[in-house]
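The values are calculated or read from the model by the stated rules, or taken from the named source; none is laboratory data. Every value quoted in this text rests on a predicted model; they were computed, and no experiment measured them. No Cβ is skipped: glycine too gets one built from the backbone with ideal geometry, and neighbour counts run over all protein chains shown.
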Amino acid sequence: MLDPRRHGRERDAYVGRWEPTTQAIAREELGSDPRLRLVLEDGGAFLSKTSDEFDLIYADAWPGKYSDLGRALSLVKRGGIYLVDDMLPQPNWPDDHAPKAAALIDTLSALQEFQVTPLEWSTGLMICVRADRVRSTGSIALVIDSQS
Ligand SMILES: C[S@@+](CC[C@H](N)C(=O)[O-])C[C@H]1O[C@@H](n2cnc3c(N)ncnc32)[C@H](O)[C@@H]1O
């Protein structure tokens with residue numbers, strides 16, 4: 001979760017992988033960047049205890065997506081983005097997953113504090129931008145920042 005306004009500071013980006021082998025690759029490739037903090041723990045546990053807020057949350061595991069969704073959304077800064085993919089049917093989905101994905105699409109689509117743009121592209125994305133006031137122009141969201 002990268003905040004370009006905070007270049008040079010520590011802990012500007014978090015990458016959570018609950019898997020030591022793949023995280024070791026990320027550490028090898030990106031570990032020298034002082035903005036990066038790699039976390040290896042259950043995503044739900046991380047979400048419950050972090051006091052940070054984020055410009056971008058890409059929820060690509062169960063926690064923060066199919067569980068702990070409200071907590072993840074609450075950590076998105078105003079103007080920030082909550083992003084999920086794999087929202088279109090995938091061949092590896094278990095039989096009971098389609099209704100869960102449909103329910104998540106409904107929940108995200110109904111969010112009042114976010115401008116939500118579904119994309120029928122690739123595996124199916126939902127881009128949710130947090131804003132005080134949002135004017136929608138078709139599929140392009142124009143975010144109005146009340147502080148600027
Ligand atoms: C769909 S993959 C994400 C892949 C990754 N975003 C990428 O593009 O390489 C889901 C990842 O979530 C991790 N994971 C599974 N359960 C988790 C949990 N409870 N907390 C944190 N990560 C978890 C898995 O180890 C796996 O790496």
Could you count how many residues in segment 5-27 are aliphatic (A, V, I, L, M), more than 12 Å from the ligand (Cβ to nearest atom) and at pLDDT below 80? 1
What pairs come out if I take residues in segment 28-54 that are in contact (Cβ under 8 Å) with a residue 40 or more places away in the chain and under 23 Å from Lys77 (Cα atoms) and pair them with residues that are small (Gly, Ala, Ser) and more than 15 Å from the ligand (Cβ to nearest atom) whose C-beta lies under 9 Å away, six or more apart or interchain? Phe54/Gly80
Please list, ordered by first then second residue, the pairs with beta carbon atoms under 6 Å, 6 or more apart or interchain, first in segment 97-116 and surrounded by 17 or more Cβ atoms within 10 Å (Cβ to Cβ), second hydrophobic (A, V, I, L, M, F, W, C) and in a helix (DSSP H, G or I). Val116/Leu108
